[in-house]
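These notes concern the structure reproduced below.
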Amino acid sequence: MKRFLMNTAAVAATLGMLSVPAFAAGEPTVREVNVTAQVTNLDESAKEYYPNIAHDILEKITEEMPLTTDNKGYVVNVEIQNMSLNGDKVLPASKEFNQLEGVMSIVGEGSNAGAQSYPIRVVAQSADVAAPEGFIAVTPSDTDFYTALITGFAKAVAEHEPEVLPSSVSK
């Protein structure tokens, strides 16, 4: 729970680095996932408490969205932009946070389509509390907010996986 990758270099997932479960809904369309955590936008306590969060999110994304070996596959870039406790970016000594925000973009190399971007905003809270507008609610156990947020964030990213591989464009 005390992991949070805070560097500006992307963490790239390749099939050789991670084992990938079978894809139930069809063939995988993403060949690479990169996750970064914006150092400038995260509070110092967040960097200290969770130095491996980008890696943890990367692992969960590739569990939810297996990768393809097809070179035509999409590249998904995810940028973690904010961790907060009810909107407050300064995390308390208890290391609690319940909101995780970022942006994902999907790039189809070899196609003439531009990148698609989606905001990803997840809040962990009990089921009887309404989620803030624009957030996807996940209900964690009392002691598992970190895992719930990482898993919820990864599932939200996987929901935007393209259904088909990009078509090649001849010039």
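The values are calculated or read from the model by the stated rules, or taken from the named source; none is laboratory data. Note that this is a predicted model, so its numbers are computed, not measured. Cβ placement follows ideal geometry from the backbone for every residue including glycine, while neighbour counts extend to all protein chains displayed. Note: accessible area is taken over every heavy atom of the protein model, side chains too, but ligands, DNA and RNA are not part of it. Shrake-Rupley method; radii C 1.70, N 1.55, O 1.52, S 1.80 Å.
Side notes on the structure shown:
- Nonlocal amide H pairs with Glu109, under 5 Å, H built at 1.01 Å: Val75
- If the Kirkwood radius is taken over C-alpha pairs of region 68-125, then at 4 °C and 1.567 mPa s the Stokes-Einstein diffusion coefficient equals 96 µm²/s.
- Judged by the mean number of other Cβ atoms found within 10 Å, the most tightly packed of the peptides 92-104, 57-69 leads the ranking 57-69, 92-104.
- Heavy-atom SASA rank of Leu165, Leu149 (probe 1.4 Å, accessible area, largest first): Leu165, Leu149
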